[in-house]
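Read through the structure below, which is laid out as structure tokens, and then see the notes.
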Amino acid sequence: MEIKHGIAVSHGVAICPALVLDAEDVRVPRRPVAAKDLPHQRERLSEALDTALAELTELHDQVAADLGPEPAKIFDFHQGMLRDESLIQRMVKFIEEESVTAEFAVASVMRELARTFLQQPSTIFKERVSDVYDLERRVLHHLIGEARAELDHLDHDVVVVAHDLTPSQTAALDRSKIKGMVTDAGGRTSHTAIVARALGIPAIVGLEDATTKVSAGDLLIVDGQRGVLIVNPDEQYLSDYRSHEQRYQEFESTLAQLVELPSQTTDGVDIDLFANIEFPDEIQPALAKGAMGIGLYRTEFLYLSTETEPDEEQHYQAYRDTVREMDGRHLTIRTLDLGADKYTQKRAETPEPNPFLGCRSIRFCLQNLSMFKTQLRAILRASAEGPLQMMFPLITNTLELRQARMILNDVMEDLDEQGIAFDPDLRVGIMIETPSAALIARAFAQEVDFLSIGTNDLVQYTLAVDRGNERVASLYAPGHPAVTQLIRGVIRAAGRRDVEVTCCGEMAGELEYVMLLIGMGLRRLSMTPQTLPEIKKLIRSVSIAHCERVAKRVATYDSERQVLNYLREEARKIMPEAFDNRLTV
Ligand code: PEP
Ligand code: MG
């Protein structure tokens, strides 16, 4: 048994076998092999090692001929490993003693080796870890070949273990079979985390070396509340977690009773609660959790689930179906937010040196007008079917907003000329996701119908902390006084112009921050649907005066630690069961 700690990003507990993905999505399940078939597995191993060695020798010779003997030396280590009798014997022994396939033996022994290398004090060994993985992949490639298991056709429940999951990988997974996700990389608001929360499956990110500690088929407990991963748990842990899982479900079912009740403070002020969605099939589950509408539809996932760019008709159908399904309820569609960590297949081929500060979101759209116009046409056409509003992401200056609006006007004119119906009064807003936008929110408030504060990015850009980097995750603090001051300023600027303002970052769905946001004046929150019921429960237990006192107190603090400790304590006083549920076991 091994216990590992990472960053808890999506509540719940999963108890399931591991499906370990390597960089090429190779899945190596543990399949028992009958004693009579073990010699065949040994032969397969030997053939795969020989083929890999021949391949490497050819590569070595080619590089030596083209570039000289020195560069060719990079293959010495790989070749040496494949000739290393003690390593080969370990794999053979593994096949025999564990009665497993050759590929499972290769994956297990190589990962064990990588783990040993990682534990060595000398950096020379640590630097070799990627070579070990490279070699593992090469040998597995020969063993698995065409029979690579399809991730989208899983036949049993699993916990996915990966170094990181790109949004397109996540979008392609068979979601009905994925019961948990754990990754080496990532932070609280990285997209793996957001998608896991959206899907309502327990997840831990930032574990650093889960892919080396876990082998395919290991039984895992994923504790998404505490960020604890238990590999091959003993009986005691298993029974503790099984009863914890039950208690958690009971807590969830008490929350379910709130769905029909209004989201109102004890002094009768409505706080509108909306859901953030990535995929249209999340609408019904979001409504079932009590969402009044959709406050953020992240349309870029339309791009990430396919290899090809969606055409106008595909966009239109997705938006039209969403409008129809919403049946008159509130719907905010965000225009494409591609770039940064959300790359299309094609763009991933030309990576940027600093993608979060690069050509992402509205910048990318303004440089790719035909793609942008295609989406705008589709959104406008869908607006003829029912109420919707639209917002642009990552606006950092007024020129960008004006350019985006000009393009929108062009598209409206085109549709008009073609006699195609749309809502001419479509409400247009922007996301406030950078300090620059927050500081000139007043200027924006004069030109838009609404503002939506995207704290996931606002925190990262204000604090210079990559939201997806586990090494700086402890610095990622929505309660940092610089962030709360910016939010306060945006709410004030919107209030002066009587412009609607929402918070749609993950902060809006975290119990700790809700009183603060309401106390600073927010009356609309949009969040991962999973967290909606507990947020509503908290809202129904507090008064506006109480929230204002909390916000006032927070304004006197100069450190994010103080802010978080204070807010956590305040929220715990009101909903101890939510926190106890996170901390028991
Ligand atoms: C945000 O930045 O807070 C936001 C909601 O957008 P995303 O998480 O999609 O970047
Ligand atoms: Mg954002």
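The values are calculated or read from the model by the stated rules, or taken from the named source; none is laboratory data. Since the model is a prediction, treat every value here as computed from it, not as a measurement. Here Cβ is always computed from backbone atoms with ideal geometry, including for glycine, and neighbour counts include all displayed protein chains.
Tabulated values for the structure
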read-out: Those helices (runs of 4 or more DSSP H) lying entirely in the range 426-467 with at least 2 residues touching a residue at least 60 places away in the same chain (Cβ under 8 Å) and within 8 Å of ligand 1 (Cβ to nearest atom); value: 455-463
read-out: Flag for L366 being of a type in the set (A, V, I, L, M, F, W, C), closer than 29 Å to I440 by Cβ, at pLDDT 95 or above and in contact with a strand residue (DSSP E or B) (Cβ under 7 Å, 6 or more places away or on another chain); value: no
read-out: Residue count for the range 235-294, restricted to those that are part of a helix (DSSP H, G or I), over 18 Å from A196 (Cβ atoms) and among the small types (G, A, S); value: 5
read-out: Residue in the range 75-87 that is charged (D, E, K, R), in a helix (DSSP H, G or I), assigned by TED's automatic domain parsing to the domain that holds L140 and within 13 Å of Q41 (Cβ to Cβ) present; value: no
read-out: Any pair with Cβ under 6 angstrom, 6 or more apart, that starts in the range 377-403 at a residue that is assigned by TED's automatic domain parsing to the domain that holds G429 and part of a loop (DSSP other than H, G, I, E, B) and ends at one that is within 16 Å of ligand 1 (Cβ to nearest atom) and not aliphatic (A, V, I, L, M); value: P393/R334; P393/D337; P393/S361; L394/S361; L394/E433; T396/T434; T396/S436
read-out: Any hit, the range 350-357, residues being within 16 Å of ligand 1 (Cβ to nearest atom), outside any helix (DSSP H, G or I) and of a type in the set (F, W, Y); value: no
read-out: Residue in the range 364-372 that is touching a residue at least 40 places away in the same chain (Cβ under 8 Å), more than 16 Å from ligand 2 (Cβ to nearest atom) and not in a helix (DSSP H, G or I) present; value: no
read-out: So L376, is it under 18 Å from G328 (Cα atoms), touching a Leu at 6+ places or on another chain (Cβ under 6 Å), crowded, with 17+ Cβ neighbours inside 10 Å and not hydroxyl-bearing (S, T, Y); value: no
read-out: The lone exception for T299 - which of (1) under 24 Å from L525 (Cβ atoms); (2) among the polar types (S, T, N, Q); (3) outside the structural domain of L538 (by TED's automatic domain parsing) it fails; value: (3)
read-out: Qualifying residue in the range 422-429 (condition: assigned by TED's automatic domain parsing to the domain that holds R381, aliphatic (A, V, I, L, M) and in contact with a Phe, Trp or Tyr (Cβ under 9 Å, 6 or more places away or on another chain)); value: yes
